[in-house]
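The values are calculated or read from the model by the stated rules, or taken from the named source; none is laboratory data. These numbers come from a predicted model, not from an experiment. Reconstructed Cβ throughout: ideal geometry from the backbone, glycine too, with neighbour counts over all protein chains shown.
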Amino acid sequence: MNRRRKGCKSTAAQTVPGRRIRYGRSLLGGVIGALNGERVLQGASFLKDSMDEKFASEMLTIIDDGTREKGLASAPFDGEGVPTIKNTLIDSGVLKSFIYNTYAAKRAGTKSTGNASRGGFTSLPGIGTHNIYLLPGKYNKDDIIASTRKGLLLKGLTGYGINSVNGNFSGGANGFWILNGKIVHPVKGLTIAGKASDILNDIDMMGDDVDMNDTFASPTFRVREMQIGGR
């Protein structure tokens, strides 16, 4: 049975026995992949034509900071010796920057953003991120749950998140069902689906609970409406 649920939300990180699950990264990792300058040059990014355009909720700001003090992936230089920077990738829903190493930047007619990465001393430089984080909002997690009339508190997600090439999303999910602002029972074996444009524009609440002790830090946030299949 397929149903459209309003008030679905995604948690950024949840501690479970023996493992730390990062749901914000699972859902939004494809957005970061779409900002890869090499993918953009190849035409393999759903954001390739979106520079300086608003494509997401104004609540969404994503920053990549290679200079953050005590950041797990901070470094003075990238894999090519280019100084790292604090780079606002998405500012209030507007795409502001792709990420480049020197080779991709030269082909694109721009400068490296200090995002060259290497798997080892002998490997060719690819493109990677440093410390990614979503700018926190003003709501706490309990506020978000309490204001949700009907929805899913996401506790598990399988799949590859948003597809960085075409912007489609589909994955398996489990968690807790919310009804009238309260958690009522667990659910599992669901599928959630949508398009990046819909998911990102439907973010209507951003939490204040971002944990910066991660290389992809996301607070709790709510997606107003997503397609959910299951019973």
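Name the residues in region 102-129 that are part of a loop (DSSP other than H, G, I, E, B), among the polar types (S, T, N, Q) and more than 30 Å from ILE203 (Cβ to Cβ), would you?
Within region 102-129, SER112, THR122, SER123 qualify.
Among the candidates LEU72, LEU89, LEU47, which residue alone is assigned to a loop (DSSP other than H, G, I, E, B), among the aliphatic types (A, V, I, L, M) and surrounded by 16 or more Cβ atoms within 10 Å (Cβ to Cβ)?
On the way: LEU72 fails: surrounded by 16 or more Cβ atoms within 10 Å (Cβ to Cβ); LEU89 fails: assigned to a loop (DSSP other than H, G, I, E, B).
So the residue among LEU72, LEU89, LEU47 that is assigned to a loop (DSSP other than H, G, I, E, B), among the aliphatic types (A, V, I, L, M) and surrounded by 16 or more Cβ atoms within 10 Å (Cβ to Cβ) is LEU47.
Taking region 200-219, which residues are among the β-branched types (Val, Ile, Thr) and either under 12 Å from LEU27 (Cβ atoms) or not in a loop (DSSP other than H, G, I, E, B) (or both)?
Scanning region 200-219 gives a single hit, ILE203.
How about region 172-208: which of its residues are surrounded by fewer than 18 Cβ atoms within 10 Å (Cβ to Cβ), touching a Pro at 6+ places or on another chain (Cβ under 8 Å) and not hydrophobic (A, V, I, L, M, F, W, C)?
ASN174, ASP208
Kindly evaluate SER197 against the criterion of being within 14 Å of the chain's Cα centre (by Cα) and assigned to a loop (DSSP other than H, G, I, E, B). Working first, answer last.
On the way: within 14 Å of the chain's Cα centre (by Cα): yes; assigned to a loop (DSSP other than H, G, I, E, B): no.
The answer is no for SER197.
Just checking, how many residues over region 133-150 are under 21 Å from ASP65 (Cβ atoms) and crowded, with 23+ Cβ neighbours inside 10 Å? Talk me through it step by step, then tell me what you get.
Step one: of region 133-150, the residues under 21 Å from ASP65 (Cβ atoms) are 133-137.
Of the ones still in play, those that are also crowded, with 23+ Cβ neighbours inside 10 Å are 133-134.
Qualifying residue count for the region: 2.
Checking HIS130 against (1) assigned by TED's automatic domain parsing to the domain that holds LEU47; (2) within 21 Å of the chain's Cα centre (by Cα); (3) farther than 17 Å from PHE77 by Cβ, which single condition isn't satisfied?
Going through (1) assigned by TED's automatic domain parsing to the domain that holds LEU47; (2) within 21 Å of the chain's Cα centre (by Cα); (3) farther than 17 Å from PHE77 by Cβ one by one, HIS130 breaks only (3).
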